[in-house]
Amino acid sequence: MNLRTPLWAARRNLITLTGIGLALAGLTAQAHEYKLGDIAIAHPHALSTVGELGTAAVYMAFKNTGAADRLLSASTAASGSVEIHSMNMDGGVMRMRRLDGVDLPSSGTVALAPGGLHMMLFGLKAPLRTGESFPLELRFEKAGKILVQVNVEANSDATNAQHKH
C-alpha cells in the first residue's frame, strides 16, 4: 500500500480549496469597491452601534484619477439625515464641524476615517448590527450619483462614544 498517494491527494485538495477560498475572498473585497467615472470608492463601512445610540459614523476612501470633483452630500433610508463632518483636536477638546462637502483633488486620494473626515448618520431608524449593511447614496458635483452598500463592522463602546453628538 502506497501511503504517499492519499497524502498527496489530500494536500492537493487542501491547496485547491485554499485557492478557491482566496479567490472568493477576493471577489468579496472587489464587490465592496465602487467606481463612478474617475472616482473609485473603497470600503464604505460603519461601526455597529451600542444600545439605542441614534447616531453612527460612516467611513470610506475616495481615489480620483481625473479632474477635481467634490462630494456634496449623502443620503440613506437607514437614518433621518446624513452630514459630512470634520473632526480635530483643539486644546485637548474634540471638535466636530459640519462641512458642505469634501474636495476630491485631481489625481488625489481622500479618506473618511476615525479621527478626521467622516459622515454622520442622525436619527437612525434601527441600531446598526455587525454583519448587516445598508445602501447609501453619494452625490458628487461632477460625477453624479452612486448607490454604495455600507457594511456594518464590529465596534467598541469607546469608538461609538466618540461620535455621540
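The values are calculated or read from the model by the stated rules, or taken from the named source; none is laboratory data. No experiment lies behind these values; they were computed from the predicted model shown. Glycine also receives a Cβ, built like all others from the backbone with ideal geometry; neighbour counts cover every protein chain displayed.
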Could you tell me whether the stretch 34-55 includes any residue that is surrounded by fewer than 16 Cβ atoms within 10 Å (Cβ to Cβ), in a loop (DSSP other than H, G, I, E, B), more than 14 Å from the chain's Cα centre (by Cα) and modelled with pLDDT of 95 or more?
yes
Limited to the stretch 68-126, what total is found for residues that are assigned to a loop (DSSP other than H, G, I, E, B), out of contact with any helix residue (DSSP H, G or I) (no Cβ under 9 Å at 6 or more places or on another chain) and touching a residue at least 12 places away in the same chain (Cβ under 8 Å)?
14
